[in-house]
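Please treat every number below as a calculation from the coordinates, not as lab data. On a predicted model such as this, the values are computed, not experimentally measured, just so you know. No Cβ is skipped: glycine too gets one built from the backbone with ideal geometry, and neighbour counts run over all protein chains shown.
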Amino acid sequence: MSAYRSLLRCDLGAHHHARERAKHQIKDQHGLRSFPPFVALEIVQADGDSAFYLMYIPESGMGADTFHLTLEDAKHQAEWEFGVKEDEWLKTDKPF
């Protein structure tokens, strides 16, 4: 099993949610429903992998992710969906 490292994090505020453009859903024993509001985004990478994952994190902890071939693609997705600007990302460099 690969280990994942968080590279960058952005805590989401009200101004980010005003722009939400994609609908993330979960299907479980309760049926199909929307995720609770996301409170943060993190860009993570698996050890030895060249791709990146944009992790969508709600307060409950279990969120969603999208796969991206480059770090810039992951950042672009966050900007398109939530309006996250380059200067809002904080370096984390920690296990995820």
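For Lys85, the lysines whose Cα comes closer than 22 Å to its Cα, not counting residues fewer than 8 places off in the same chain, are Lys23, Lys75, Lys94. With the simple spin-label model, which puts each label point 7 Å out from Cα in the Cβ direction, the Ala40 to Ala18 separation comes to 2.4 nm.
How large is the translational diffusion coefficient of the stretch 49-89 in µm² per second when you combine the Kirkwood radius over alpha carbon pairs with Stokes-Einstein at 25 °C and 0.890 mPa s? Approximately 226 µm²/s, per Stokes-Einstein.
Remark: the Ile26-Ala51 segment gains 6.7 nm on full extension, using 0.36 nm per residue and subtracting the alpha carbon distance.
Remark: the chain carries a charge dipole of roughly 280 debye about the Cα centre, counting +1 on each Lys and Arg Cβ and -1 on each Asp and Glu Cβ.
Counting 0.36 nm for each residue step from Glu59 to Leu90 and taking away their Cα separation leaves a gain of 9.3 nm. Positive contributions from Lys and Arg (+1) and negative ones from Asp and Glu (-1), summed over other residues with Cβ under 11 Å from the Cβ of Lys85, come out at -3.
If you wrap a convex hull around the Cα atoms of the chain, how much volume per residue is inside, in Å³? List each step's numbers first, then the result.
Details: hull volume 10.1 nm³, N = 96.
Cα-based convex hull of the chain, divided per residue, equals 105 Å³.
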